[in-house]
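Structure first, commentary second.
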Amino acid sequence: MTTADERPRTQLSTGHTVELPLELSFAMGGVTVPARRSRLEAVLPDDLSALAIAPGIGCVTVVGIQYHRVGGGRDGTGLEPYDEFAVIVPAVYGSRTTLPLAQLAGSELGGYVHWLPVTTEPSVALGREIWGYPKERADITVTDGPDGVRIVVEGGRYGDDSVRLEAARPRLEPRARDWTMASYTRKDGNLLRTPARIRGEMAIGLGPSIGTHLEVPSELARELGLWQQPLARLYGSAVRACLFEGERLDG
């Protein structure tokens, strides 16, 4: 059994040192919206296929995250907390069909990270240098309030157009959840799969809701073929995760 002292350590270009798996705690809120599947296919690596929720329709998840802890903090490892906004395309690896539901047979569902602005330079280095996450600096405000999460993103690759997301808390009571998920990225020309274990009390709501509203830059909406009417909402105020080392899937 690997002990904390035996965990692999990586020093970033900023001088910070982190241990893997990376331990995280955070508050999060986000929505999943429908999108044109043909547009999603155009931004995905060849080995991934956009999840089909209906013929010709895929989806995109947008999430605001307010980190409370980034790394174990032992012997000076880890980073200062930061805020983050994620644009993720649910995608299938190894699928031989594009038919809804049948697409999942014998394949693996994960999320391709399309855009990941953050608030600090060390967090940019962390994501890019270890996993190839498309991180960049932007002005982000994540407010975790009694009615839900409010996120504002200004700057980054989409210029002066801002992101505004107000995600109302689902009415259902939060439930304890323990998920293992995979994210996909490109790093050094290779497709990388990174597993994460996510635990905590989270609430999920389906369908549109009063108090939930999403605005994204027009360029992003065109690029991904987004409809901005939420299909589902996700909220958690005290979530923990372990982010593991990535695995090359090609090359």
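The values are calculated or read from the model by the stated rules, or taken from the named source; none is laboratory data. From a predicted model like this one, the values you see are computed outputs, not experimental measurements. Note that each Cβ is placed from the backbone with ideal geometry, even for glycine, and that neighbours are counted across all protein chains shown. Heads up: the accessible areas ignore ligands, DNA and RNA and are worked out on the full protein's heavy atoms, side chains in. Shrake-Rupley method; radii C 1.70, N 1.55, O 1.52, S 1.80 Å.
So how do 35-43, 81-89 stack up, highest first, on mean other-Cβ count within 10 Å?
Descending mean neighbour count gives 81-89, 35-43.
Once you put a point 7 Å from the Cα of residue 176 and another 7 Å from the Cα of residue 160, both along the Cβ direction, what distance in nm separates them?
Going by the 7 Å Cα→Cβ label model, 5.1 nm.
For the stretch 1-73, what is the convex hull volume of the alpha-carbon atoms per residue, in Å³?
Details: hull volume 13.2 nm³, N = 73.
It comes to 181 Å³ per residue, whole-number rounded.
How high is the FRET efficiency from residue 47 to residue 197, r the C-beta distance, R0 25 Å, rounded to 0.05?
Working: r = 24 Å, r/R0 = 0.95.
My answer for the efficiency is 0.60.
Of the candidates 64, 211, 29, which one comes out as most mobile in a Gaussian network treatment of the chain with C-alpha springs shorter than 10 Å?
The residue that fluctuates most here is 211.
Out of the total accessible area of the chain (probe 1.4 Å, heavy atoms of protein only), what percent is carbon and sulfur?
49
For a Förster distance of 35 Å, can you work out the FRET efficiency between the beta-carbons of residue 68 and residue 247, rounded to the nearest 0.05?
Once the sixth-power term is evaluated, E becomes 0.80.
Over the chain, with the other protein chains present, what is the accessible area per residue in square angstrom, probe 1.4 angstrom?
48
Show 147, 139 ordered by accessible area, largest first, where the area counts protein heavy atoms only and the probe is 1.4 Å.
Ranked from most to least accessible, the order is 147, 139.
Treating the beta-carbon of each Lys and Arg as +1 and of each Asp and Glu as -1, no other charges, what is the dipole magnitude of the stretch 67-206 about its Cα centre, to the nearest 20 debye?
Details: 18 positive and 19 negative charges, 127 e Å.
Using only the charged Cβ atoms, the result is roughly 600 debye.
Put +1 on the Cβ of every Lys and Arg and -1 on every Asp and Glu Cβ in the chain; which of 12, 126, 61 then has its Cα farthest towards the positive end of the dipole?
Checking the options against the dipole of the chain, the answer is 61.
Quick one: dipole size for the chain, taken about the Cα centre, charges +1 on Lys/Arg Cβ and -1 on Asp/Glu Cβ, in debye to the nearest 20.
Charge dipole of the chain: 660 debye, to the nearest 20.
Ratio of alpha-carbon Rg to the 2.2 N^0.38 Å globular estimate for the stretch 166-211, to two decimals, please.
Relative to the rule-of-thumb radius for its length, the stretch 166-211 sits at 1.64.
Considering the alpha-carbon set of the stretch 105-251 alone, what are its Rg and its Dmax in angstrom?
Using the Cα atoms of the stretch 105-251, the pair Rg, Dmax is 16.4, 47 Å.
Hey, how much of the P(r) for the stretch 78-160 falls beyond 15 Å, as a percent of Cα pairs?
For the stretch 78-160, the fraction of Cα-Cα distances above 15 Å is 66 percent.
Fully extended, how many nm does the chain gain between residue 54 and residue 136 (0.36 nm per residue separation, minus their Cα-Cα distance)?
Details: separation 82, 0.36 × 82 = 29.52 nm, distance 3.27 nm.
My answer for the length gained is 26.3 nm.
How are the Cα pair distances of the chain distributed, in percent, across 10 Å bins from 0?
With a bin width of 10 Å, the distribution comes to 7, 30, 38, 20, 3, 0.
Given R₀ = 35 Å, what would the calculated FRET efficiency be for residue 105 paired with residue 188, taking r from the Cβ atoms and rounding to 0.05?
Step by step, r from the Cβ atoms, then E = 0.65.
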